[in-house]
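Notes for the one structure printed next.
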Amino acid sequence: MLQTKTLIFGGGLTGLSTAYHLEKLAKTRPELGNWLLIERDNQLGGLTRTEIIRGYHFDHTGHWLHLRHPEMKAFVNDVMGDDMMQVARKSRIWSHGVLTHFPFQQNLHGLPLDVVHECLMGAVEAAIDEAKAPMDAANFKDFCLKRFGKGITDRFMVPYNTKLWGCEPEEITADWCSRFLPRPNISQIAAGALGIVDDQAGYNAHFTYPRKGGIEAFASRIAGYLPADKVKLSTTPVSIHFGNRQVTLSSGEVVQYEHLVTSIPLPELLKLATDLPDNVRNANSQLRCTSLRYLNYGIKRANVLDDIQWLYVPENKYPFYRIGSFSNAVASLAPENSSSLYVEVANNMSPTDDEVKASVREFLREHKWLGDDAEVEVEEVRHIKYGYVIFDANYFSAKETILPYLFEQNVHSLGRYGAWVYASMEDALMDGYAFARGL
Ligand SMILES: Cc1cc2nc3c(=O)[nH]c(=O)nc-3n(C[C@H](O)[C@H](O)[C@H](O)COP(=O)(O)OP(=O)(O)OC[C@H]3O[C@@H](n4cnc5c(N)ncnc54)[C@H](O)[C@@H]3O)c2cc1C
């Protein structure tokens, strides 16, 4: 039987940050260096890996690092130094036949005038109503109606989010969007309707990204600090006894741990438990998420999407909700005079892969970003089983049953899929850091 103080499941950014910070703290507290990381794949990095096909680099769709916390800025600087660069966001929305600035609700200028009028009047009415009484939203659509008004809700929020979440906006709550959805006030909405652009709006006005190699360069650099004998690749837990703090691995080994840090999807973790109480098992069956289908495109043509890094596509005509360009952020992510792109589609939308591909090509042609089919050098479909956690009516009650139970067992379920949240790479880094510091 193996013994470890901290057993870590998953070698994405959450697991990597946990191990990195434990290793660092072990310089003054040697017992913290007693950790073991278990990773299913034959490589570390999780979602922050980069595929290279014919010289085109593809992250698992756009992975732009937005840093808010000084500790995480220092961490990224420690591991990457000058190999990281700052990039100013260039994102747009394709809607009603025009490209507008992000976010839609703050950049109505340029849309057909009847659309601008409808959105603006709806926003004014919503602002008046909100000033009279505090808002209490039944679901995400209701939140949008009360916060932004009918025009913005019908013209953007509902079509875009229906495509993103793969379900009706009435099925989800607004709890996911506190940080991620810009909420301009009526003065800012009016300014945007007149064409005054605020390039700093939203949480993602700038991002940090490796100068070379895609986002994987960052994960690999952290991984480089970890002693190889504390990492088991191509290994999974096959059963867990939370009460005994024991895990059986696919290698047949049994590990006795003091603390378990896990970033594997929460529903998968709980299915491995041999001593799970019924109420926790029932709560687990309530957790929902979207699966994602995305496509990698390598196109032999410079500056596809002009200089835009990502484009939101709310129009129902197209099955995809977002299309982005890696090489518009860092030119070396595609061969010379070429572009590397990604296209995202919620998996439970019906079109076949071939229909999606035809639609992407049509979209690119309409914008004169694609000529001859021979320019398409890479066109490949990929799947992400756990994409976006769905915040539905059962979300909080299920988590309120599961997480305190796990905490009592010394199990720290962290990261986007461990904590079952809508979270970023920085959050994953922060989770690992906070755990190590807490210990
Ligand atoms: C489409 C998409 C786009 C995104 N874009 C951005 C962005 O632009 N900016 C941003 O900041 N964030 C973005 N994110 C969020 C970001 O990817 C995550 O917050 C972060 O990478 C999560 O890291 P993690 O380590 O918690 O999870 P993961 O990266 O999922 O790592 C979990 C690890 O656990 C391993 N694992 C799973 N099951 C088992 C098992 N049974 N046994 C052992 N190991 C297992 C996996 O192989 C993986 O290595 C995006 C997410 C998605 C889905």
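The values are calculated or read from the model by the stated rules, or taken from the named source; none is laboratory data. Everything numeric in this text was worked out from a predicted model, so none of it was measured. Here the Cβ positions follow ideal geometry from the backbone for every residue, glycine too, while neighbour counts run over all protein chains shown.
For the stretch 396-420, name all the residues that are closer than 21 Å to Leu13 by Cβ and of a type in the set (Gly, Ala, Ser).
Scanning the stretch 396-420 gives Ser413, Gly415, Gly418, Ala419.
Take Leu272 and decide whether it is modelled with pLDDT under 95, within 16 Å of the ligand (Cβ to nearest atom) and of a type in the set (A, V, I, L, M, F, W, C). Full working, then the answer.
Working: modelled with pLDDT under 95: no; within 16 Å of the ligand (Cβ to nearest atom): yes; of a type in the set (A, V, I, L, M, F, W, C): yes.
No: the conditions fail for Leu272.
How many residues are part of a helix (DSSP H, G or I), within 30 Å of the chain's Cα centre (by Cα) and among the aliphatic types (A, V, I, L, M) when one looks only at the stretch 127-158? Before the answer, list the steps.
Just the residues of the stretch 127-158 that are part of a helix (DSSP H, G or I), to begin with: 127-132, 140-148, 150-158.
Narrowing the set further to residues that are within 30 Å of the chain's Cα centre (by Cα) leaves 140-148, 150-158.
Add one more test, that the residue is among the aliphatic types (A, V, I, L, M), and what stays is 145, 152, 157-158.
Number of matching residues: 4.
Of all residues being in a helix (DSSP H, G or I) and of a type in the set (D, E, K, R) in the stretch 278-321, which is nearest to Lys163 (Cα to Cα)? Just the residue, please.
Arg281
Pairs, please: C-beta under 8 Å, at least 6 apart or cross-chain, first residue surrounded by fewer than 17 Cβ atoms within 10 Å (Cβ to Cβ) and in the stretch 169-183, second at pLDDT below 85?
If the second residue must be at pLDDT below 85, the pairs left are Arg179/Tyr203; Phe180/Tyr203.
Please verify whether the stretch 84-103 includes one or more residues that are basic (Lys, Arg), touching a residue at least 12 places away in the same chain (Cβ under 8 Å) and in contact with a strand residue (DSSP E or B) (Cβ under 8 Å, 6 or more places away or on another chain).
Here is the first cut: in the stretch 84-103, the residues basic (Lys, Arg) are 89-90, 92.
Then drop every residue that is not touching a residue at least 12 places away in the same chain (Cβ under 8 Å), which leaves 89-90, 92.
With in contact with a strand residue (DSSP E or B) (Cβ under 8 Å, 6 or more places away or on another chain) added as a condition, the list becomes 89, 92.
Checked the stretch 84-103: at least one residue is basic (Lys, Arg), touching a residue at least 12 places away in the same chain (Cβ under 8 Å) and in contact with a strand residue (DSSP E or B) (Cβ under 8 Å, 6 or more places away or on another chain).
Filter the stretch 22-51 for residues that are surrounded by 24 or more Cβ atoms within 10 Å (Cβ to Cβ) and more than 6 Å from the ligand (Cβ to nearest atom) and give the result.
Leu22, Trp35, Leu37, Leu44
Ala358 passes all but one of (1) touching a residue at least 12 places away in the same chain (Cβ under 8 Å); (2) within 28 Å of Thr290 (Cα to Cα); which number fails?
(1)
Name the residues in the stretch 223-267 that are more than 13 Å from the ligand (Cβ to nearest atom), of a type in the set (S, T, N, Q) and assigned to a strand (DSSP E or B), would you? Explain how you work it out, then say what you get.
Going through the stretch 223-267, the residues more than 13 Å from the ligand (Cβ to nearest atom) turn out to be 224-230, 241-246, 252-254, 256-259.
Right, trim to of a type in the set (S, T, N, Q) and you get 244, 246, 256.
Matches in the stretch 223-267: Gln246, Gln256.
Using the structure shown, decide if Val360 is within 24 Å of the chain's Cα centre (by Cα) and within 16 Å of the ligand (Cβ to nearest atom). Please lay out each step first, then the result.
Details: within 24 Å of the chain's Cα centre (by Cα): yes; within 16 Å of the ligand (Cβ to nearest atom): no.
Spelling it out, it is not the case that Val360 is within 24 Å of the chain's Cα centre (by Cα) and within 16 Å of the ligand (Cβ to nearest atom).
Identify the residue in the stretch 396-435 that is more than 11 Å from the ligand (Cβ to nearest atom) and among the charged types (D, E, K, R) and, among all such residues, is farthest from Asn347 (Cα to Cα). Can you show your working first?
We begin by selecting, within the stretch 396-435, every residue more than 11 Å from the ligand (Cβ to nearest atom); these are 396-412, 433-435.
Add one more test, that the residue is among the charged types (D, E, K, R), and what stays is 399-400, 408.
Values: Lys399: 24, Glu400: 28, Glu408: 36 Å.
This residue is Glu408.
Could you tell me which residue of the stretch 379-395 is nearest to the ligand (Cβ to nearest atom), considering only residues that are assigned to a loop (DSSP other than H, G, I, E, B) and of a type outside the set (D, E, K, R)? First the steps, then the outcome.
Our first condition is that a residue be assigned to a loop (DSSP other than H, G, I, E, B); within the stretch 379-395, this holds for 385-388, 390-394.
Narrowing the set further to residues that are of a type outside the set (D, E, K, R) leaves 386-388, 390-391, 393-394.
Numbers: Tyr386: 7, Gly387: 5, Tyr388: 7, Ile390: 13, Phe391: 15, Ala393: 23, Asn394: 22 Å.
So, considering only residues that are assigned to a loop (DSSP other than H, G, I, E, B) and of a type outside the set (D, E, K, R), the one nearest to the ligand (Cβ to nearest atom) is Gly387.
For the stretch 52-108, enumerate the residues that are within 12 Å of the ligand (Cβ to nearest atom) and part of a helix (DSSP H, G or I).
Matches in the stretch 52-108: Met72, Val76.
Considering every residue within the stretch 361-369, establish whether at least one is more than 20 Å from Trp64 (Cα to Cα) and of a type in the set (Phe, Trp, Tyr).
As a first pass, look at the stretch 361-369 and keep what is more than 20 Å from Trp64 (Cα to Cα): 361-369.
Checking the rest, the ones that are also of a type in the set (Phe, Trp, Tyr) come to 363, 369.
Taking every residue of the stretch 361-369 in turn, at least one turns out to be more than 20 Å from Trp64 (Cα to Cα) and of a type in the set (Phe, Trp, Tyr).
Okay, residues lined up against (1) under 30 Å from Leu194 (Cα atoms); (2) at pLDDT below 95; (3) touching a helix residue (DSSP H, G or I) at 6+ places or on another chain (Cβ under 8 Å); (4) assigned by TED's automatic domain parsing to the domain that holds Asp306:
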residue: Ala26; (1), (2), (3), (4): no, no, yes, no
residue: Pro30; (1), (2), (3), (4): no, no, no, no
residue: Gly33; (1), (2), (3), (4): no, no, yes, no
residue: Asn42; (1), (2), (3), (4): no, no, no, no
residue: Tyr56; (1), (2), (3), (4): no, no, yes, no
residue: Phe75; (1), (2), (3), (4): no, no, yes, no
residue: Phe102; (1), (2), (3), (4): yes, yes, no, no
residue: Asn107; (1), (2), (3), (4): yes, no, yes, no
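If we keep just the residues of the stretch 337-355 that are in contact (Cβ under 8 Å) with a residue 12 or more places away in the chain and charged (D, E, K, R), which is nearest to the ligand (Cβ to nearest atom)?
Glu344
Test Gly192 against the criterion of being modelled with pLDDT of 95 or more and part of a loop (DSSP other than H, G, I, E, B), and give yes or no.
Details: modelled with pLDDT of 95 or more: yes; part of a loop (DSSP other than H, G, I, E, B): no.
Considered against the rule, which asks whether it is modelled with pLDDT of 95 or more and part of a loop (DSSP other than H, G, I, E, B), Gly192 comes out as no.
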